[in-house]
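Structure first, then comments.
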Amino acid sequence: MIPRIAFCSPFNPVPSGISDYSEELLTHLWQYADLVLYYNSDTPPTNPVLREHFTLRPLRRLARDHRRRPFDGVLYHLGNSPAHSEIWHTAQRVPGVIVLHDLVLHHFMLHYYATTLHNIRGYVAMMKQTYGEAGTQIAELMIRGRFTDAAFDFACNTPVITAARAMIVHSRYIQQRVAAVRPDLPLAVVPMGIPLPPDYPRAAARAAVGLPTDALILASFGHINAYKRLEPTLRAVQQLRASVPQLRYLLVGSVSPNYPITGLIERLGLQDVVHVTGYVERAAFEAYVAAADVCVNLRYPTAGETSASLLRLLGAGRATLVSRTGAFAELPPHVAVQIDTDDSEREHILAALHLLISRPELAASIGAHARAYVAQNHTLAQAAAGYARLLARCYGWPQVVRLRPPLPLPAATTLPSLGAAVPTALPPATATPAPMPPPTSVTALCILRKDRLLQTAAQALAELGLQPHDTQLVPQVAAALSDLIPIYLEEPMHDA
């Protein structure tokens, strides 16, 4: 007997990263079950692969369909986005397995009460009931449009965790917090799967999107808002431009109407360095990623998400800066450059960028580790198998069997021909570039390879007056460093 699964998610053209994620996951999940796809009722899917291989139904039909012929599993994708309003409304009527993409659902719940239930005071009452007077104060600010970072401290996820029959998450960070709310809930950590991005040649990618081959290109990807740490990043870029006259910083993604990114760029005098592309299609996204030398993917505060866009950067082999917070802190140190979120954030960003720019071989090494990490730990096959195992456990399937081969993903055989998508003129080099100052922050030191760490330690010991003829102390220091290096870098050292 082949299991029948109701798969409820946004799909393209709904503007959500989960739309792409779900469509890619389905190519492998269909090996284990017959899937009926339930979409947001006002936005039918446009992907021809979905139309060819799956039954498509609007979400408003799910409750009736399930009564007439019960499914062997119901799966809901839920994130901190208005795109999930109808999904959450349906999940309360037909309980199922919820894939919790974001730990914090505060902004979603505010939108849900305001636009789906048309009951904004119900949101205030929910905040008061869950969080007391502190929740009421934040709710009153939010409904007046005074959005605050403090909203991230009020996750508003308890109703979702309570309603779930079981839950799938993508990080230990969310797993621990969900288990603290409901220890009895069947819960599985399933890796977020993505297809490994094409390995485009950098020069060809730059030609495709109209970028000069000799520029030093930094890039950030995804929706542009106040939580992507763009102000400290732009201030670091402002300092970098003196020593890197061919510097270019690309912001690839849609812009929040509430975030004045253009004004910020102008105030910092970076109009000739920073370029905002707006939303781009997937082919252009991959070309911009391939064109970049270093990527910046910072988020703070975080909703606890595991970022598919970040995994695409890592999978493309790009050295990437990430915030040391939430699920991002679970990345191994040799895979991404962790940036602290305290008052030293801008200093750490600047030091890390200095280091990666001055040592392109280090950036290439981190990128190679990142691509290998994604290829090993974030495959679509792994993700689909994890989903199938949790569904089988929750709904009592007798066994988990692959019934058919995966569906092929659309082949990306060539780069897009986009022409001059952004201006190509660079600011003139009016002076000899200043020498690159050495990295000084703890973050920069943490991403040095063994040789640089040894050099730094040797210099410090020399400044303390240690001499080669100190026969008693030198062996002790050498032994201590030998023990320290693998622990400090959190990866084994195989080279001499």
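The values are calculated or read from the model by the stated rules, or taken from the named source; none is laboratory data. Every value quoted in this text rests on a predicted model; they were computed, and no experiment measured them. No Cβ is skipped: glycine too gets one built from the backbone with ideal geometry, and neighbour counts run over all protein chains shown.
Is there a residue in segment 375-387 that is surrounded by 24 or more Cβ atoms within 10 Å (Cβ to Cβ), of a type in the set (Ser, Thr, Tyr), at pLDDT 95 or above and in the same structural domain as Asp149 (by TED's automatic domain parsing)? Looking for residues that are surrounded by 24 or more Cβ atoms within 10 Å (Cβ to Cβ), of a type in the set (Ser, Thr, Tyr), at pLDDT 95 or above and in the same structural domain as Asp149 (by TED's automatic domain parsing), one finds at least one in segment 375-387, hence yes. Looking across Ser41, Ser9, one residue alone is small (Gly, Ala, Ser), surrounded by fewer than 19 Cβ atoms within 10 Å (Cβ to Cβ) and touching a strand residue (DSSP E or B) at 6+ places or on another chain (Cβ under 6 Å). It is Ser41. Could you check, for segment 119-135, whether at least one of its residues is crowded, with 23+ Cβ neighbours inside 10 Å, in the same structural domain as Val14 (by TED's automatic domain parsing) and farther than 24 Å from Ile168 by Cα? Checking segment 119-135: at least one residue is crowded, with 23+ Cβ neighbours inside 10 Å, in the same structural domain as Val14 (by TED's automatic domain parsing) and farther than 24 Å from Ile168 by Cα. Among the residues of segment 324-350, count how many are without any contact (Cβ under 8 Å) to a residue 60 or more places away in the chain and out of contact with any strand residue (DSSP E or B) (no Cβ under 7 Å at 6 or more places or on another chain). Looking only at that region, the number is 4.
Conditions tested, residue by residue: (1) over 22 Å from Pro191 (Cα atoms); (2) free of Cβ contacts under 8 Å to residues at least 40 places away in the same chain; (3) not in a strand (DSSP E or B).
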| position | (1), (2), (3) |
| --- | --- |
| Val252 | yes, yes, no |
| Tyr259 | yes, yes, yes |
| Asp272 | yes, no, yes |
| Ala287 | yes, no, yes |
| Arg299 | no, no, yes |
| Gly317 | no, no, yes |
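Within segment 254-302, the set of residues being under 18 Å from the mean Cα position of the chain (by Cα), of a type in the set (D, E, K, R) and either surrounded by 15 or more Cβ atoms within 10 Å (Cβ to Cβ) or more than 25 Å from Ala327 (Cα to Cα) (or both) comprises Glu281, Glu286, Arg299.
Thr213 meets all of the listed conditions (1) β-branched (Val, Ile, Thr); (2) closer than 24 Å to Glu347 by Cβ; (3) surrounded by fewer than 18 Cβ atoms within 10 Å (Cβ to Cβ) but one, namely (2). Screening segment 246-271 for residues that are farther than 29 Å from Gly145 by Cα and in contact with a strand residue (DSSP E or B) (Cβ under 9 Å, 6 or more places away or on another chain) and picking the one that is modelled with the lowest pLDDT gives Gln246. If you go through segment 372-382 and pick out every residue that is in contact with a helix residue (DSSP H, G or I) (Cβ under 6 Å, 6 or more places away or on another chain) and part of a helix (DSSP H, G or I), you end up with 3.
Leu185 passes every criterion in (1) surrounded by fewer than 15 Cβ atoms within 10 Å (Cβ to Cβ); (2) without any contact (Cβ under 8 Å) to a residue 60 or more places away in the chain; (3) in a loop (DSSP other than H, G, I, E, B) apart from (1).
Scanning segment 72-93 turns up no residue that is touching a residue at least 12 places away in the same chain (Cβ under 8 Å), crowded, with 22+ Cβ neighbours inside 10 Å, more than 18 Å from Phe7 (Cα to Cα) and hydrophobic (A, V, I, L, M, F, W, C).
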